[in-house]
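Okay, so here's the structure we're looking at.
All of the numbers you see were taken from the coordinates with simple rules; none came from a lab. Worth saying up front: this structure is predicted, and the values here are computed from it rather than measured. All Cβ positions, even for glycine, are placed from backbone atoms using ideal geometry, and neighbour counts span all protein chains on display.
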Amino acid sequence: MTDTAARAAALLKEHRASIDRLDAILVYTLGERFKHTQAVGKLKVQHDLPPSDPDREAKQIARLERLAEEADLDPEFAKTFLKFIIQEVIRHHEQHIENGQ
């Protein structure tokens with residue numbers, strides 16, 4: 001292996017280690033987020049509130065798009081990602097309603 005290839009391999013290893021750490025952070029952060037949204041879902045059932053809140057969702061999407069721009073992340077990607085999360089949260093809230101929890 002040439003010296004240049006060895007340096008490239010070392011850099012690749014460093015980048016991959018960082019990616020692995022960030023993936024773990026994302027998973028644990030999503031886990032924490034869903035703990036809170038599960039609590040919200042239970043509160044909504046207890047107080048007979050609808051599983052979705054379109055006004056809040058729109059505000060959150062706009063907020064995330066702004067944050068994405070600040071973070072130099074594609075706002076469309078961030079919007080798609082948040083919409084996916086919102087759909088999953090609503091699905092959980094609907095499950096709480098079905099289960100009466």
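For region 1-42, the tally of residues that are of a type in the set (Lys, Arg), closer than 29 Å to Lys79 by Cα and without any contact (Cβ under 8 Å) to a residue 24 or more places away in the chain stands at 3. Entry remark, region 43-101: residues being loosely packed, with under 11 Cβ neighbours inside 10 Å, among the aliphatic types (A, V, I, L, M) and touching a residue at least 24 places away in the same chain (Cβ under 8 Å) number 0 in total. Of all the numbered requirements in (1) assigned to a loop (DSSP other than H, G, I, E, B); (2) within 15 Å of the chain's Cα centre (by Cα); (3) of a type in the set (Asp, Glu), Glu57 misses one, and that requirement is (1).
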